[in-house]
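Structure first, then comments.
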Amino acid sequence: MMLINWEHELDRVGHRVILSGLPIAMHCHHYNINLQKMLEDTIGETGVRLLFEAAEEVSFYGLTSFLSHYSRIKTIKSKLEVASTIYQNCGLGVMHFQKIGNRGGTIVSPSSHHVTGWLAKHGKRETPGCHFARGWVAGVLEAVYNHPLHHFAVEELACKMMRHDECKFLVKER
Amino acid sequence: MAIDGSKIIHAVMEGSRIRDAKGIIPLFGVYLSLFFVQYYNKLSFDFENEMGRERQSESAALLVEAAQECGYATFHGIRTSREWEELVRPMIELKEDQIFSFAAVAVAFGWGDLDVREIIPKEKLVIRVSDSYEATGYLHLRGLANSGKCYMLRGVSGAFMDLLYGEDYPDGCFTFRTEEPFCRAKGDSYCEFIARKTSFKRRA
């Protein structure tokens, strides 16, 4: 079922690229991975937190804005489907919301931009590295379930950057 | 000028709508992502904030370096891609036309309205931007700045020159260094980036 009109949602206004009324930028894996590595190398866990929080806050407001244009999308299932479609259409990867509810659950991602980019630039990691995806998941679920920002904590139980078969995220209430 | 930026913008917009079954957008030789500029602004300026005033110049240098190394790899990938060969190469008459093409790609990516004002081959590049998302973001998130805040565009401007006049890829990165004497984030009416050759090159 086609829930959104992507041709309409992704547009240009002069030199700006707009997604559902908000300005976006296209960046490649070199920049996204460079930023992540620089933050981790320079300020460690604080950098990891910044990556998580930026993705969480922006995905929260981004999805909220998106859904405000589609009042007919009412069910949780439909909203999660839209979120997953946006993730894929933005080139961020594939995210399966299968075992998730109002209080948390588990999510699986078989592929992502950050995994592909990290492995291409730096090879295998020794620790989970999908900080962007964790933040994105938290923000999206907070928007879908009408929770405030920072309601969810997201832990990465398995990570393809460590050569696991898939990335697996555990979502819990804080 | 031989470069038709609108063709490049059209190609990027069309290409950005095509992703594979894994949700990856391979375009112009790189993996592309689309995300809100607010993410990049929050990340950069929160990082700067965490580093504190004492380490302000270090945080700025790290953000510029991350962008310059990225710009160097990205635009090398772009100019060796099939899309470049088919679409852009036929428009290039002079070596410096590559800079105009790089700028058109950056506009297509939503980085701002890059306007190449001056190129002195092997020496200097001047790019002016009246709507950089970084300057807009800083003003929105932090208010008026006391220094230039367009770290990504600073790094990328240097990378453009590195690719044209530095040693062959991958040894030419950081041959040029960019300053931002004017920035809307500090109250100027536009942002300006001036890349000049450095007297010594740091290792990438």
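Read-outs: derived from the displayed coordinates by stated rules, not from any lab. Owing to the predicted nature of the structure, the values given are computational and were not obtained by experimental measurement. Glycine also receives a Cβ, built like all others from the backbone with ideal geometry; neighbour counts cover every protein chain displayed.
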GNM flexibility winner over chain B from B:Leu87, B:Leu164, B:Leu153 (Cα, springs under 10 Å): B:Leu87
Alpha carbon convex hull of the stretch B:5-197, projected area averaged over orientations, nm²: 11.0 nm²
C-alpha center-to-center spacing [the stretch B:56-117, the stretch A:123-174] in angstrom: 32 Å
Counting all C-alpha pairs of the protein assembly as shown, share separated by more than 29 Å (%): 39 percent
Paramagnetic reach from A:Arg163 in the stretch B:16-31 [backbone N under 19 Å; point 7 Å along Cα→Cβ]: none
Per-residue ³J(HN,Hα) for the stretch B:24-36, Karplus 6.51 cos²θ - 1.76 cosθ + 1.60, θ = phi - 60°, Hz, x for Gly and Pro: 10, 10, x, 8, 6, x, 10, 9, 9, 10, 10, 8, 4
Cα-centre dipole for the stretch B:54-114 with unit charges at Cβ (Lys and Arg positive, Asp and Glu negative), debye to 20: 120 debye
Residue of B:Leu114, B:Leu94, B:Leu144 that the Gaussian network model of chain B assigns the largest fluctuation, springs spanning Cα pairs under 10 Å: B:Leu94
Computed [θ] at 222 nm, helices only, for chain B once each DSSP H run of length n ≥ 4 contributes -39500 (n - 2.57): -13500 deg cm²/dmol
Amide proton proximity set for B:Asp188, modelled H, under 5 Å, gap of 5+: B:Cys183
Value of Rg/Rh across the stretch A:29-173 [Cα atoms, Kirkwood radius]: 0.96
Debye, to nearest 20: dipole size of the stretch B:5-197, +1 on Lys, Arg Cβ, -1 on Asp, Glu Cβ: 300 debye
Phi to ³J(HN,Hα) by Karplus 6.51 cos²θ - 1.76 cosθ + 1.60 over the stretch B:147-164, Hz, x for Gly, Pro: 7, x, 10, 8, 5, 5, 5, 4, x, 5, 4, x, 5, 4, 6, 3, 5, 7
Highest average packing first - A:99-106, B:28-35, Cβ atoms within 10 Å: B:28-35, A:99-106
Between helix B:5-15 and chain B: long-axis angle, C-alpha atoms, 0 to 90°, nearest 10: 90 degrees
Simple spin-label estimate for A:Asn102 and A:Asp41 in nanometres, 7 Å along Cα-Cβ: 4.6 nm
Three-way shape label, the stretch B:18-122, alpha-carbon gyration tensor, a/c 1.5: oblate
Sequence-separation-based contact order of chain A, relative, with Cα cut under 8 Å and 6+ spacing, percent: 22 percent
Length gained when the stretch A:Lys172-A:Asn5 is fully extended (0.36 nm per residue, less Cα-Cα span): 56.9 nm
Directionally averaged projected area (convex hull, Cα atoms, the stretch A:1-47), nm²: 5.5 nm²
